[in-house]
Amino acid sequence: MKSHKNLILLKLTIAVAIPLSASLLQAQVTTPSSAPPVSAPPLTTQASTTSTTGKALIKAKEAVAAAKEKLGVHKSNTVEPQIKGASSSVIALKDPVAIVDGVKISKADLEKAFKEAVASSNMNPATLTADQKIQGYHQILDALIMEKLVDKKSTETEISDADVNTEIEKIKKQFPTTDAFNAELKKSDQTIEKFTANLKKSMRQTKWMKSQIQGKDVVTDADAQKFYNENITQFANPDMVKASHILFLVPQGAPDSVVTAKEQAAKAAITRAKKGEDFSKLAVELSEEPGAKERGGDLGFFSKNQMVPEFATAAFNQKVGSVSDTPVKTKFGFHVIKVSEKKPAGTASFNEVKANIIAYLQNQKRRAAFKAEMQQLRQAAKIENFLPAPAVITPATIKPTPAPGNTGVKASDAKSPSESSSGNAPAAPVNGAKS
């Protein structure tokens, strides 16, 4: 599981490396999935970020993930594709790397943005071939070009200092103390003045972009019903359980004394819960899961294959309304589980998934509107791109090379309860799940 601290650091570094509006646009113009909307219980710390800036920051993270996919880089315990003929990762770049309506994008800016994106995606730059780097450079440069275009268009958009200060205060509240916030600023090589300027710029660009899609994302009930009728097989659900949990994290390699202490803490929590204390309040007080305070440990509905096996088995075997008799041990630590509802396999009704469908179709329309807007901006602009042409990566040019000693996906890749719905791949929608 990713720590809350690391998420905030990602927000800070991305705000400098790639301006948020560019990252937002980069995510928006990605070809949307044709699959129906899915249930996504708010299981990640991102779910608690509701501000405009927060949402843009989330899109920045998604944009980095998209860049990672473009690079063709996977986790270290999976097969790494090697591009035939790419024997060196050293690339000579011109300076500037691009000129957008007379405004230069320097080699240094591109390299800094690329470095930050690679670091934020937990990739090892040493494993990237020259062709993979070129793919990544083009992905990041596209974002920087879009940022220049949007920045030019949004110059007259007004953002008050009061609004910026409000956003900064919201971000600060995600840190335990002001000193902790300042320490992260310093760690990411920023001053509060620089951070404030970047934030105001991002808010201005985001406000302008929103104005461009206003009224272009209308979805009627008839639209949603049509989508449901045409994709009804996609709304079939397996057996589902709705549960909450209190997690006591156990770091990998922790000494026996720490493991024992965590287990005892979980047992104490079980005792308190069985005596009648409010489970959600206990989760807020005790759980070490990121986002527990916002959700009270609620995991929403989930199927058996969405959780690590130990957790899933325990939750599905428990009775509705019960709290686990003993701590449930997974690779993440000890869990105390409360099951609040169960649903048998079946097909979700239209009313149960209507809100999800509308949100999904609205998002598709927003993506299309953003894509059309950016195409118009590009066509009207003079853009000179001096990067080497990217290699054409096809199945014929990729040669899979297994990592030493790697025989496949490790059990450690299984998702924790807090990560089960955070991925991008669509899954079957859940009956009655909230969007």
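Is it the case that some residue within the range 329-346 is open to solvent by less than 70 Å² (accessible area, probe 1.4 Å), over 15 Å from PHE248 (Cβ atoms) and of a type in the set (S, T, N, Q)?
yes
So that you can scan it fast, the table gives a plain yes or no per residue for (1) surrounded by 14 or more Cβ atoms within 10 Å (Cβ to Cβ); (2) over 22 Å from the mean Cα position of the chain (by Cα); (3) modelled with pLDDT under 85:
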site	(1), (2), (3)
ALA86	yes, yes, yes
LYS112	yes, no, no
SER121	yes, no, yes
ALA130	yes, yes, yes
ASP142	yes, no, no
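So, in the range 155-179, exactly how many residues are assigned to a helix (DSSP H, G or I), under 23 Å from the mean Cα position of the chain (by Cα) and without any contact (Cβ under 8 Å) to a residue 24 or more places away in the chain?
Looking only at that region, the number is 2.
Go through the range 257-305 residue by residue and tally those that are open to solvent by 20 Å² or more (accessible area, probe 1.4 Å), out of contact with any Lys or Arg (no Cβ under 7 Å at 6 or more places or on another chain) and part of a helix (DSSP H, G or I).
Number satisfying all stated conditions: 23.
Hey, can you tell me all the residues within the range 104-142 that are in a strand (DSSP E or B), farther than 22 Å from GLN190 by Cβ and touching a residue at least 24 places away in the same chain (Cβ under 8 Å)?
None; the set is empty.
Restricting to the range 367-377, count the residues that are crowded, with 16+ Cβ neighbours inside 10 Å and within 11 Å of LYS216 (Cβ to Cβ).
5
Given the criterion open to solvent by less than 40 Å² (accessible area, probe 1.4 Å), over 30 Å from GLY297 (Cβ atoms), at pLDDT below 90 and not β-branched (Val, Ile, Thr), identify the matching residue among ALA403, ALA396.
Unique residue meeting the criteria: ALA403.
Of all residues in the range 221-256, which are open to solvent by 30 Å² or more (accessible area, probe 1.4 Å) and touching an Asp or Glu at 6+ places or on another chain (Cβ under 9 Å)?
Across the range 221-256, the qualifying residues are LYS242, LEU249.
Identify, please: which residue in the range 348-366 is buried (at least 20 other Cβ atoms within 10 Å of the Cβ) and closer than 19 Å to ASP239 by Cα and is, among those, farthest from the chain's Cα centre (by Cα)?
The qualifying residue farthest from the chain's Cα centre (by Cα) is ALA348.
Can you confirm whether the range 342-350 contains a residue that is out of contact with any Lys or Arg (no Cβ under 6 Å at 6 or more places or on another chain), closer than 30 Å to MET209 by Cβ, in a helix (DSSP H, G or I) and of a type in the set (A, V, I, L, M, F, W, C)?
No, because not a single residue in the range 342-350 is out of contact with any Lys or Arg (no Cβ under 6 Å at 6 or more places or on another chain), closer than 30 Å to MET209 by Cβ, in a helix (DSSP H, G or I) and of a type in the set (A, V, I, L, M, F, W, C).
The values are calculated or read from the model by the stated rules, or taken from the named source; none is laboratory data. What you see is a predicted model; the values in this text were computed from it and never measured. Cβ atoms come from the backbone with ideal geometry, glycine included; neighbour counts cover every protein chain shown. Side chains included, ligands, DNA and RNA excluded: accessible areas come from the protein's heavy atoms. Shrake-Rupley method; radii C 1.70, N 1.55, O 1.52, S 1.80 Å.
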